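**Student:** Take this structure, written in structure tokens, and hold onto it; I'll ask about it next.
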Amino acid sequence: MMHLHKYITVFTDGSCNPVQKIGAWVAIVLIDGEKIILKGQEINTTNQRMELTSVLNALQYINENHPNSDVNICTDSQYVIGIQKRRPFIERKNFLTKKATFIRNDDLVRLLINYLDSTKIEFTKVVAHQKSEGEVNYNREADQIARGIVRNLNQ
């Protein structure tokens, strides 16, 4: 029996109020024509943590519900996309900076690297918040949901 391999596309975004350090993350998971919206909020956070958290929550959901899938993460975060390229350097330095302190977000970066080892992940850089004519823009939708959550937390 042939095993059907799923190909899952995910649009992720994070948002943060840097003054109040409250943030939100959103992942829109597209599987077999179905759209699943995952979202959450955190306090004492940064935009980069929210960007990473959106990706990690999507990967956790996919691994629990659709194991052995190929995943395309669509993100406007150069920080998230850059981790894969910087990985050899990060690991060679044992997640430490030149000043011998842990790199920012080392806990989340380690989790993402674990997923890179266990899941076939492709990253696609999307242009942030582009208005598109006609077609559905899931990146914009994820951004609007995340910013809406942060706005509600501010009230």
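Coordinate-derived values only; no laboratory data. Please read all numbers here as calculations on a predicted model, not as lab measurements. Cβ coordinates were reconstructed from backbone atoms using ideal geometry, including for glycine residues, and neighbour counts include every protein chain displayed.
**Student:** Ranked highest first by average number of other Cβ atoms within 10 Å, how do 71-84, 42-55 line up?
**Tutor:** 42-55, 71-84
**Student:** With Cβ to Cβ distances under 15 Å as the rule, what net charge do the other residues near GLN20 carry (K, R +1; D, E -1)?
**Tutor:** Every neighbour counted, the sum reads +3.
**Student:** Quick one: give the max-minus-min coordinate of the C-alpha atoms of the chain along each principal axis, largest first, in Å.
**Tutor:** 51, 46, 27
**Student:** Would you calculate, for the chain, the mean residue ellipticity at 222 nm contributed by helices, counting each DSSP H stretch of 4 or more residues as -39,500 (n - 2.57) and dividing by all residues, to the nearest 500?
**Tutor:** -13500 deg cm²/dmol
**Student:** On to the next question. Filter the cross-link list LYS35/LYS120; LYS39/LYS98; LYS39/LYS93 down to pairs whose alpha-carbon distance in this structure exceeds 30 Å.
**Tutor:** LYS39/LYS98; LYS39/LYS93
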